[in-house]
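A short worksheet on the structure shown next.
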Amino acid sequence: MIVKARQRPRKLRKCLLACAILAAFLVILSVYCPQGWVTIKEAHASAQMTCRPRRSICFLKTHKCASSSVQNLLMRYGDRNNLSFVLPPRNNYLGHPKHFNRRMALDYDARRYDMLVHHSRFHEREMRAVLAPDPVFVTIVREPASLFESIFSYYALERKFGRPLNVLYRSIIDSDVSSTVDLGVRFFRGKIGTNQMSFDLGFEPDQFLNASAVEGFVRYIDTTFDLVMVAERMNESLVLLRHLLCWDWDDVVMFKMNERNKKYKKRLKPEELEGLRKLNAVDSELYRYFTRRLDERIAAFGRDRMAAEVEKLVNNTNKWYYRCVEDVTPVRRNQRKKFWVNPKVMRLKGREGNPEECRGLLTEELSFTDHLRRKQQRVTMTNVTTSAANTESWSATVRRDPYIIPVSPDIRAPRSNS
C-alpha cells in the first residue's frame, strides 16, 4: 500500500506534464499555422458530406432567362465526361413549340441519354423516357416584366404584335386584370409571346384565364422539378445547383452567354413594369412562387453558409474570367454567316493563347451543339450514310405526324416515374 501511494503522485505529474506539452503545441500551431485548422475542418466536413455526382439531367431551357449560360456549364460537364445528349438532328430546338416527344431526338430509339439541355417544351413522361434512370429536373425563371421586354426586343415582336412596346403598354394601363390577361392570350402566337416561361414549361395559352389551372400548374412544376433557379439570384441558385448535382466548384463556373447589347435594352418605368406583369399574369404567379421557394431553400441551407459559398463561387468565376476573357464585343458579320446569331447580342472574346479549359467557357450554343452532335455521331453511327438515313427518317416522321403530341399533358397529374 505504501509503494502504491508513492507511485500515484509520480503518475499524476507525468500526466500533467504531457497535458502541458500538448497544450503548448496546440497554442504554437494556432499561432503559426491557422490554416491547418480550416483544412482539418474542411476535410472532416467533406468526409461527412460525401455524395455521388448526378449525371442524368433534364434542364428545361426557358427563353431569355439566362438559360444559355446555365446550358453552357451543363454542356461543358457532359462533354468533358463523355456523357450523351438528347440532340435535335439540326440546329438547337427539340420540337418546340410542340411538347417534347422522344421521336424528336436524333437516333432516339438507340438508347437512353444522360442530358437533355436544349430548347424543348416540357413533357415529363416523354423526357423521362429518353433519359437515364432517376434524372434531376432543373429549370430557371426570370422577373416577367424584364423578361417580356427582352423577348419583345430580341425577337422583334413589334412586327408580330403590330405595335411598339410603349403603345402596347398604353393599351394595358387602363384595363383591369382579366382583360389584360385576355390581351395576353390573343397576343400569344406560335412559340414566342406572353407568359413565355409557363408556355415553355408546358402550360397551354387557352388556360391563361383559368385560375385553378394556373394554381395546379405551379404546384405541378414545384413537385416535378428538383430545383427552379432564379435569374436575378444566379449566384445563390448556382450554389444550390452545385450541391444538388454534387459537382466541383469549377463545374459551375458560368459566364454570361447570349447577353443583349446595352444599346438595345429599354429602361422601364415602375408603372410600365407593373403593366407588363399584368399582361404576363401566369408568369408573374410562377415567378412569385419560386422566388419564395428559393428563399425557403436558402434559409434551410443556412444564410451564413450561403454567403460564404457565394463568395467562393464569385472568386473562382473571376479567376477563370480573367484567365480566359479579353473583351466582350458585338457579334461580327462573318460570325453570323456560319451560325445564325442575333445581331443584338454580345460575345466573349478569348485571350490569345487560351488554355484548352477556356474553349468550352467561350463557345456559343450553336457551335457547341454542333460539336456535340458530331462527337456523338462518331460514337453512335457507323458511317455518313447511316447518319443521313436517321435524319431523313426523323424528318419523314415529322411530316407524317406534324403535331406528334395532339393532347397536352395533364398538369394536375401526379409525378410519374414511367
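The values are calculated or read from the model by the stated rules, or taken from the named source; none is laboratory data. Just so we're clear, the structure is a prediction, and the values are computed from it rather than from any experiment. Here Cβ is always computed from backbone atoms with ideal geometry, including for glycine, and neighbour counts include all displayed protein chains.
Pick out the one residue from Arg125, Arg142, Arg159, Arg121 that is within 30 Å of Leu83 (Cβ to Cβ) and surrounded by fewer than 21 Cβ atoms within 10 Å (Cβ to Cβ). Can you show your working first?
Details: Arg142 fails: surrounded by fewer than 21 Cβ atoms within 10 Å (Cβ to Cβ); Arg159 fails: within 30 Å of Leu83 (Cβ to Cβ); Arg121 fails: surrounded by fewer than 21 Cβ atoms within 10 Å (Cβ to Cβ).
The match here is Arg125.
Identify the single condition in (1) out of contact with any Lys or Arg (no Cβ under 6 Å at 6 or more places or on another chain); (2) modelled with pLDDT of 95 or more; (3) under 30 Å from Arg55 (Cβ atoms) that Val282 does not satisfy, given that it satisfies every other one.
Val282 satisfies every listed condition except (3).
Could you tell me whether segment 85-98 includes any residue that is at pLDDT 70 or above, over 24 Å from Arg305 (Cβ atoms), among the aromatic types (Phe, Trp, Tyr) and surrounded by fewer than 18 Cβ atoms within 10 Å (Cβ to Cβ)?
yes
From the list Met257, Met234, Met197, Met229, pick out the single residue that is crowded, with 18+ Cβ neighbours inside 10 Å, in contact with a strand residue (DSSP E or B) (Cβ under 9 Å, 6 or more places away or on another chain) and modelled with pLDDT under 80. Break it down into steps so the answer makes sense when it comes.
Values: Met234 fails: modelled with pLDDT under 80; Met197 fails: modelled with pLDDT under 80; Met229 fails: modelled with pLDDT under 80.
On inspection, the qualifying residue turns out to be Met257.
If a residue must be in contact with a Phe, Trp or Tyr (Cβ under 7 Å, 6 or more places away or on another chain), of a type in the set (A, V, I, L, M, F, W, C) and farther than 16 Å from Phe255 by Cβ, how many such residues does segment 49-79 contain?
2
For segment 261-273: of the residues being outside any loop (DSSP other than H, G, I, E, B) and either surrounded by fewer than 16 Cβ atoms within 10 Å (Cβ to Cβ) or β-branched (Val, Ile, Thr) (or both), which is modelled with the lowest pLDDT?
If we filter segment 261-273 for residues that are outside any loop (DSSP other than H, G, I, E, B), which is where we start, we get 262-264, 270-273.
Keeping just the survivors that are either surrounded by fewer than 16 Cβ atoms within 10 Å (Cβ to Cβ) or β-branched (Val, Ile, Thr) (or both) gives 262-264, 270-271.
Working: Lys262: 58, Lys263: 52, Tyr264: 58, Pro270: 87, Glu271: 85.
Only one residue tops the list, namely Lys263.
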